[in-house]
Amino acid sequence: MKALICGAGIAGLTLAWHLERVGWDVELVERAPAFREGGYMIDFFGPGYEVAEMMGLRPRLDDLRYPISTINYVDRDGKPTSSLKMPPDIDRIASLLRGDLARMIHGDVHAPVRYSTSVDEVEQADSGVSVRLTDGTRREVDLLVGADGAHSRVRELVFGDEHRFLRYLGHHVAAYIFTDEDLSRRVGMRYQMLTVPGLMIGAYALRGGRVAVLFLRRDPDPALPEDPAAVLRRDYGDLGWILPEVLDRCPSPPELYYDQVTQIEMAEWSRGRVALLGDACQAVSLFAGHGASMAMAAAWVLTDELRGADGDLPGALARYRRRMQPTIADTQRFGRGFTRWMAPPSQWRIRARDGIMRLASLPGVNRLLVNSITAGSGTLITRRPTRLERLGR
């Protein structure tokens with residue numbers, strides 16, 4: 001059986017890893033010109049973490065994780081207003097860059113990746129899929145998978161225009177990484193955030209004297225600005241703290257990642273022999289915070305169903321959706337509810353959040369608060385009685 005996977009991020013690479021090990025012939029195409037490094041920091045846990053353990057990635061997760069145990073909220077002078085500490089005995093959670101997670105999966109994938117290439121045309125028949133790529137070549141495969149993100153080209157070709165499935169969550173997100181050893185030491189191995197109504201910036205130190213920054217800005221207009229760096233300088237330039245140094249290092253795209261904060265909601269995830277995976281059909285948003293975990297879990301579920309397809313590939317794809325969709329819907333609801341706390345729209349809500357965080361210093365309250373945040377990941381997929389089991393069949 002042959003599969004073409006469009007998208008060589010966490011979702012596509014994880015699917016390639018699993019399909020290779022059940023005997024499929026796999027090829028990946030990726031519209032980016034090279035492997036995508038960096039990205040923003042994620043807290044990786046839940047069902048995706050269990051999949052990573054099954055893939056033998058636990059030692060590398062331990063090597064690459066950052067010892068971020070504290071979230072600090074600060075004011076314009078950099079003085080802490082509240083904080084949240086992770087319980088010291090919490091296990092199976094890793095803070096690391098999205099690019100580092102993708103890189104460790106990529107290292108164990110043997111399938112070729114054709115960069116600067118995407119899907120241009122799709123023609124289906126009962127026996128397979130004929131795919132024309134943007135470089136003019138054609139592939140005849142048994143399965144085409146669109147793992148090419150929230151702005152999926154495969155989804156557009158097979159299911160229709162993006163606006164039918166995209167839920168805009170009222171914010172834009174930006175992120176970049178730069179090197180500044182002095183600032184990296186000052187920020188330290190902790191996640192520090194400054195919030196004012198409608199604006200949030202988070203900063204954390206990386207190895208090698210680097211600093212990673214993440215911006216959230218409330219905007220009723222989903223249209224992306226022509227010059228996102230100029231918008232960041234305009235909106236954040238007078239907030240104090242480390243912003244003058246950070247904004248002086250702001251690059252232009254593609255080094256500057258800038259996009260809408262969105263979710264993708266679809267009733268169907270497959271048509272015939274074409275399936276969607278990861279953010280192409282399951283985007284839960286930055287606010288939900290479990291996108292990488294959900295992508296890896298979904299890749300495992302899809303492989304599990306394909307392995308037992310008995311020749312009925314469309315039926316296997318439908319079962320994959322039925323197993324994953326309830327958990328994705330729950331996680332999306334969690335993300336929409338968490339928006340007002342991660343990026344508070346008013347000063348009174350900022351004060352309320354800081355008050356809740358200060359309560360976390362009381363015995364037992366800290367763990368309760370951490371558990372309420374990490375609960376949004378759901379539990380999913382294997383036949384073992386673990387957190388993955390509850391995805392069920």
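FYI, it's all coordinate maths here, none of it is from the lab. Because the structure is predicted, anything quoted here is derived from the model rather than measured. Cβ: placed from backbone, ideal geometry, glycine included. Neighbour counts: every protein chain shown.
Which percent of Cα pairs goes in each bin when the distances of segment 126-239 are cut into 5 angstrom slices starting at zero?
The percentages, shortest bin first, are 2, 9, 14, 14, 13, 11, 10, 10, 8, 5, 2, 0, 0.
For segment 186-275, state what percent of all Cα-Cα pairs lands in each successive 5 Å bin, counting from 0 Å until the bin that includes the largest distance.
3, 10, 21, 20, 16, 10, 7, 6, 5, 2, 1
Can you give the translational diffusion coefficient of the chain in µm²/s, computed by Stokes-Einstein from the Kirkwood radius over Cα pairs at 20 °C and 1.002 mPa s?
99 µm²/s
Got a sec to turn the phi values of segment 335-343 into Karplus ³J(HN,Hα) couplings, 6.51 cos²θ - 1.76 cosθ + 1.60 with θ = phi - 60°, whole Hz, x for Gly and Pro?
x, 5, x, 7, 3, 5, 9, 6, 10
To the nearest whole percent, what portion of all C-alpha pairs in segment 183-336 is separated by more than 21 angstrom?
When every Cα pair of segment 183-336 is considered, 58 percent fall beyond 21 Å.
Within the chain, what percent of beta bridges assigned by DSSP are antiparallel, to the nearest 5?
Once the DSSP bridges in the chain are tallied, antiparallel ones form about 75 percent.
Only Lys, Arg, Asp and Glu count, each charged at its Cβ (+1, +1, -1, -1), so figure out the dipole size of segment 242-321 about its Cα centre, rounded to 20 debye.
The dipole of segment 242-321 has a size of about 260 debye.
About its Cα centre, how strong a charge dipole does the chain have in debye, to the nearest 20, once Lys and Arg get +1 and Asp and Glu get -1 at the Cβ?
1360 debye
Cα centroids of segment 82-143 and segment 261-318: how far apart, whole angstrom?
What the calculation gives is 12 Å, centre to centre.
Per-residue ellipticity at 222 nm for the chain, helices alone: DSSP H runs ≥ 4 residues times -39500 (n - 2.57), over residue total, nearest 500 deg cm²/dmol?
That calculation yields -10500 deg cm²/dmol at 222 nm.
Dipole magnitude of segment 214-286 about its Cα centre, charges +1 at Lys/Arg Cβ and -1 at Asp/Glu Cβ only, in debye to the nearest 20?
The calculated dipole for segment 214-286 is roughly 240 debye.
Where a ≥ b ≥ c are the square roots of the eigenvalues of the C-alpha gyration tensor, would you call segment 1-57 rounded, which needs a/c under 1.5, or, failing that, prolate if a/b is larger than b/c, or oblate?
oblate
Any idea how far apart THR137 and TYR168 come out in nm if each label point goes 7 Å out from Cα toward Cβ?
3.8 nm
What residues qualify as long-range amide H neighbours of VAL74, i.e. H under 5 Å apart, gap of 5 or more or another chain, H built at 1.01 Å from N?
It is THR81, MET193, LEU194, THR195, by chain and number.
Counting only C-alpha contacts under 8 Å and six or more residues apart, can you give the relative contact order of the chain as a whole percent?
So the answer I get is 21 percent.
Return the sequence-ordered ³J(HN,Hα) values of segment 237-245 in whole Hz as given by the Karplus equation 6.51 cos²θ - 1.76 cosθ + 1.60 applied to θ = phi - 60°, using x for Gly and Pro.
Each residue of segment 237-245 in turn: x, 10, 8, x, 6, 9, 4, x, 5 Hz.
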